[in-house]
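Here is the structure we will look at.
The values are calculated or read from the model by the stated rules, or taken from the named source; none is laboratory data. Nothing here was measured: the structure is a model prediction, and the numbers come from that model. Please note: Cβ atoms are built from the backbone with ideal geometry, for glycine as well, and neighbour counts cover all protein chains shown. Protein only, heavy atoms only, side chains kept; ligands, DNA and RNA dropped before computing areas. Shrake-Rupley method; radii C 1.70, N 1.55, O 1.52, S 1.80 Å.
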Amino acid sequence: MNEDKTQISLTGVLVLLMFVAVAGVIVWQANRPNVNTETTLERIQRTGTIRIGFANENPYGYLDTKAQKVTGEAPEIARYILKKMGVDHIEPVVADFGSLIPGLKAKRFDMIAAGMYITPDRGKEIAFSNPTYAIGESFIVLAGNPLGLHSYEDVRDNPEARLGVMGGSIELVYAKKLGIDESKISVFADYASALQGLKGDQIDAVAATYLTVKDLLRKQDSSDIEQVQDFRDPVIDGKETRGYGAFGFRKQDVALRERFNEELAKFIGSPEHLTLIQPFGFDESTLPGEVTAKELTKAP
């Protein structure tokens with residue numbers, strides 16, 4: 001009986017010691033310094049490396065297969081600005097345009113460098129830098145523009161007209177806001193598929209930004225499609241729209257966005273900036289002026 005009592009006593013002591021040890025760990029964990037408080041800005045400056053998301057859309061952000069590097073208006077500006085911030089190495093991550101915001105929020109990359117338009121809806125999901133450019137819209141149609149389409153309104157009002165847009169693009173937003181029935185809108189994963197749809201009589205026009213249209217047609221070397229002449233930009237809420245492109249950040253990365261904006265303010269419109277963007281079709285006419293991201297994310 002004494003041995004049984006001794007075993008019971010020892011068991012009790014061991015249980016008590018285990019309880020004390022666990023409690024001690026809990027207290028230590030609760031009171032130790034948080035080693036995971038490093039911000040994204042601090043991390044990229046410490047490592048000298050940042051991951052950027054892009055959608056492989058020329059001239060905004062795309063992979064130059066000959067040079068084997070990501071380039072375009074947004075990545076090149078990012079390189080310049082980030083170097084000023086002490087970050088020399090960029091790791092590019094390609095994604096469908098519609099997957100850029102989810103990918104940023106899921107931390108697949110640290111910023112979006114794809115010339116993404118600032119809109120109130122997108123502003124609910126992510127934060128934007130101040131804009132780097134402002135441009136209008138255009139259509140690609142079959143040669144001769146058989147249906148006489150010069151605007152989104154023309155597509156809306158013509159019962160035969162069908163429009164092609166890229167998934168997640170601002171063009172899809174414009175089409176819906178201007179009352180084009182969803183049955184007349186085809187959403188494509190990329191512009192190559194949209195152009196095939198145009199040539200295959202699935203749609204009658206492909207909507208894109210003015211610069212994207214110019215670049216797509218330059219690469220096509222085809223006489224059976226053309227850019228619409230005398231295109232009229234969409235008028236929404238009584239105001240003619242222009243798209244303002246910018247960089248996207250997670251909302252919690254305030255320090256990174258603010259530091260990026262500081263350098264951006266010194267750069268946009270400078271001779272260095274204009275020289276950098278000229279190869280991609282941008283110039284003084286595409287400068288964003290004094291418009292800020294804060295203004296552009298406000299609901300109309």
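Can you spot a residue in region 224-238 that is in contact with a Lys or Arg (Cβ under 6 Å, 6 or more places away or on another chain) and at pLDDT below 95? Steps first, please.
First, the residues of region 224-238 that are in contact with a Lys or Arg (Cβ under 6 Å, 6 or more places away or on another chain): 236.
Pick out the ones that are also at pLDDT below 95 and you get 236.
Yes - at least one qualifying residue is present in region 224-238.
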Residue match in region 274-284 (condition: more than 26 Å from R46 (Cβ to Cβ), touching a Lys or Arg at 6+ places or on another chain (Cβ under 8 Å), in the same structural domain as M111 (by the TED database) and not charged (D, E, K, R)): yes
The lone exception for R43 - which of (1) without any contact (Cβ under 8 Å) to a residue 24 or more places away in the chain; (2) touching a Pro at 6+ places or on another chain (Cβ under 7 Å) it fails: (2)
Pairs, first closer than 15 Å to G86 by Cα in region 257-274, second open to solvent by less than 60 Å² (accessible area, probe 1.4 Å) and of a type in the set (G, A, S), C-beta under 8 Å, six or more apart: R257/A127; R257/S129; F260/S129; N261/S129; L264/S129
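Residue by residue, here is whether (1) modelled with pLDDT of 95 or more; (2) under 30 Å from A205 (Cβ atoms); (3) outside the structural domain of R162 (by the TED database) holds:
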site	(1), (2), (3)
V27	no, no, yes
P75	yes, yes, yes
R79	yes, no, yes
F97	no, yes, yes
A113	yes, yes, yes
M116	yes, yes, yes
N130	yes, no, yes
L142	yes, yes, no
Lone unmet requirement of (1) more than 26 Å from L172 (Cβ to Cβ); (2) assigned to a loop (DSSP other than H, G, I, E, B) for R108: (1)
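Do we have any residue at all in region 116-128 that's assigned to a loop (DSSP other than H, G, I, E, B), open to solvent by 10 Å² or more (accessible area, probe 1.4 Å) and either of a type in the set (F, W, Y) or farther than 30 Å from Q227 by Cα (or both)? Let's see the steps before the verdict.
Taking region 116-128 first, the residues assigned to a loop (DSSP other than H, G, I, E, B) are 118-119, 126.
Of the ones still in play, those that are also open to solvent by 10 Å² or more (accessible area, probe 1.4 Å) are 118-119.
If we keep only those that are either of a type in the set (F, W, Y) or farther than 30 Å from Q227 by Cα (or both) too, we end up with none.
No: region 116-128 contains no residue that is assigned to a loop (DSSP other than H, G, I, E, B), open to solvent by 10 Å² or more (accessible area, probe 1.4 Å) and either of a type in the set (F, W, Y) or farther than 30 Å from Q227 by Cα (or both).
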Index of the failed condition, F280 passing every other in (1) within 30 Å of A175 (Cβ to Cβ); (2) without any contact (Cβ under 8 Å) to a residue 60 or more places away in the chain: (2)
Count - residues of region 99-115 that are over 23 Å from L287 (Cβ atoms) and buried (at least 16 other Cβ atoms within 10 Å of the Cβ): 7
Positions within region 174-197 being among the small types (G, A, S) and over 24 Å from the mean Cα position of the chain (by Cα), in sequence order: G179, S183, G197
Region 41-67 - residue that is modelled with pLDDT under 95 and charged (D, E, K, R) and, of those, most open to solvent (accessible area, probe 1.4 Å): K66
Among the candidates V13, V87, V70, residue that is open to solvent by 60 Å² or more (accessible area, probe 1.4 Å) and either at pLDDT below 90 or touching a Gly at 6+ places or on another chain (Cβ under 9 Å) (or both): V13
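Would you say V155 is more than 18 Å from the chain's Cα centre (by Cα) and at pLDDT 95 or above?
Judged against the criteria, V155 is a match.
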